[in-house]
1. Would it be correct to say that residue 155 is polar (S, T, N, Q), farther than 23 Å from residue 15 by Cβ and in contact (Cβ under 8 Å) with a residue 40 or more places away in the chain?
2. How many residues does the stretch 262-279 hold that are under 10 Å from residue 219 (Cα atoms) and touching a residue at least 60 places away in the same chain (Cβ under 8 Å)?
3. Condition first: in a helix (DSSP H, G or I) and either within 14 Å of residue 134 (Cα to Cα) or open to solvent by 10 Å² or more (accessible area, probe 1.4 Å) (or both). Now tell me which residues in the stretch 185-194 satisfy that.
4. Suppose we keep only residues that are in contact with a Leu (Cβ under 8 Å, 6 or more places away or on another chain) and either open to solvent by 20 Å² or more (accessible area, probe 1.4 Å) or at pLDDT 95 or above (or both) within the stretch 149-172. Which one would you say is farthest from residue 221 (Cα to Cα)?
5. Can you tell me which residues in the stretch 195-210 are under 20 Å from residue 251 (Cβ atoms) and open to solvent by 10 Å² or more (accessible area, probe 1.4 Å)?
6. Among the helices (runs of 4 or more DSSP H) contained in the stretch 28-143, which hold 1 or more residues that are closer than 30 Å to residue 272 by Cα and either in contact (Cβ under 8 Å) with a residue 24 or more places away in the chain or aliphatic (A, V, I, L, M) (or both)?
7. From (1) in contact with a Gly (Cβ under 9 Å, 6 or more places away or on another chain); (2) aliphatic (A, V, I, L, M); (3) open to solvent by 30 Å² or more (accessible area, probe 1.4 Å), pick out the condition that doesn't hold for residue 244.
8. Would you point out which residue out of 106, 87, 128, 124 is farther than 30 Å from residue 34 by Cβ, loosely packed, with under 15 Cβ neighbours inside 10 Å and not charged (D, E, K, R)?
Amino acid sequence: MEDLKEIEEALVSHHQEEFPPARRQEIEAPQPIDRSELQRELEKSQLADISWFRFSARKAAKLKATEQARIEADRIDTENQNLYRQVSLEAEQDWRDLLNHQQEAVMSALETAFADNLSEATCVDVGVENGVNYATVVIVFGSENQIPERAPSVTPQGRPTTKKRTKTDRNMLYVSALGSTILATIKEGFAAAPSVMEFRVFVLRKDLNALTPEEFVTPIYRAEFPRKMNDSLDWKFVDPAEALLAAPDARFHRKGAVGNVMPIDVKDEPELLNLVQIFRSIVRG
């Protein structure tokens, strides 16, 4: 019973997760090497073969170790400082590239951000159209089979129990789960890529119980999500299913009294059709 509640809550609450905004990577400056430790090691090496009774030789060896320690420490400190400057410059350039909507930088940032997502999300395009910085993301989402067939309930006597979900209820929960996943993905994307002003989202359904290869991976949703929409949402109270439909240029098709989620037609959209074919091949392995 508690497991069912947790599963249901997890399915529709992805979008409530908070994602820290991207920041320039801070490179910690190197600390000077411990010269005394280095000197002790060199002295030990220098004195290893010198008798305790050869006082002059031991004194000379210690002086030599001190000078060697100074030279070696200066060399190491210089190398560390040079490396620090190089890494700092690279970090600064990476940050500029991200802010300037450089394709490779944005795609890399999104790849890192989406790497641990439960539903695979992949940035496939970054560009500028009509003055708008956009990124296109493909999300691979599971079928309705991920929705539990039974739901938490109570008996007439008030005791906890479960009841079989109707097809309508399963579809409604599925749409909410889909919406939550999409919202979480674009929320995380906007946090990771500050230059992106609009996400173009394309969702493919992966159905392990599909009857044909074509039905194994099918397109079920597409829309555009402007940053201003993302920033205006009340994340605590937003209805994921409503947000799914309210997004600009949203395409989503449900059929019948129970509201089955159906594939959308992309035959007249070569770019989307190409993405379907590419991802179908990837998902099949």
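1. Considered against the rule, which asks whether it is polar (S, T, N, Q), farther than 23 Å from residue 15 by Cβ and in contact (Cβ under 8 Å) with a residue 40 or more places away in the chain, residue 155 comes out as no.
2. Qualifying residue count, the stretch 262-279: 3.
3. Our first condition is that a residue be in a helix (DSSP H, G or I); within the stretch 185-194, this holds for 185-192.
If the condition is that a residue be in a helix (DSSP H, G or I) and either within 14 Å of residue 134 (Cα to Cα) or open to solvent by 10 Å² or more (accessible area, probe 1.4 Å) (or both), then 186, 187, 188, 189, 190, 191, 192 are the ones that fit.
4. Restricting to residues being in contact with a Leu (Cβ under 8 Å, 6 or more places away or on another chain) and either open to solvent by 20 Å² or more (accessible area, probe 1.4 Å) or at pLDDT 95 or above (or both), the top hit is 162.
5. Initially, the stretch 195-210 is screened for residues under 20 Å from residue 251 (Cβ atoms), giving 198-207.
Within the stretch 195-210, 198, 200, 205, 206, 207 qualify.
6. Values: elements: 35-47, 55-99, 103-114.
Output list reads 55-99, 103-114.
7. (3)
8. Working: 106 fails: loosely packed, with under 15 Cβ neighbours inside 10 Å; 87 fails: farther than 30 Å from residue 34 by Cβ; 124 fails: loosely packed, with under 15 Cβ neighbours inside 10 Å.
Going through 106, 87, 128, 124 in turn, just one is farther than 30 Å from residue 34 by Cβ, loosely packed, with under 15 Cβ neighbours inside 10 Å and not charged (D, E, K, R): 128.
The values are calculated or read from the model by the stated rules, or taken from the named source; none is laboratory data. All values derive from a computational prediction rather than experimental measurement. Every residue, glycine among them, receives a Cβ derived from its backbone with ideal geometry; neighbour counts consider all protein chains shown. Note: accessible area is taken over every heavy atom of the protein model, side chains too, but ligands, DNA and RNA are not part of it. Shrake-Rupley method; radii C 1.70, N 1.55, O 1.52, S 1.80 Å.
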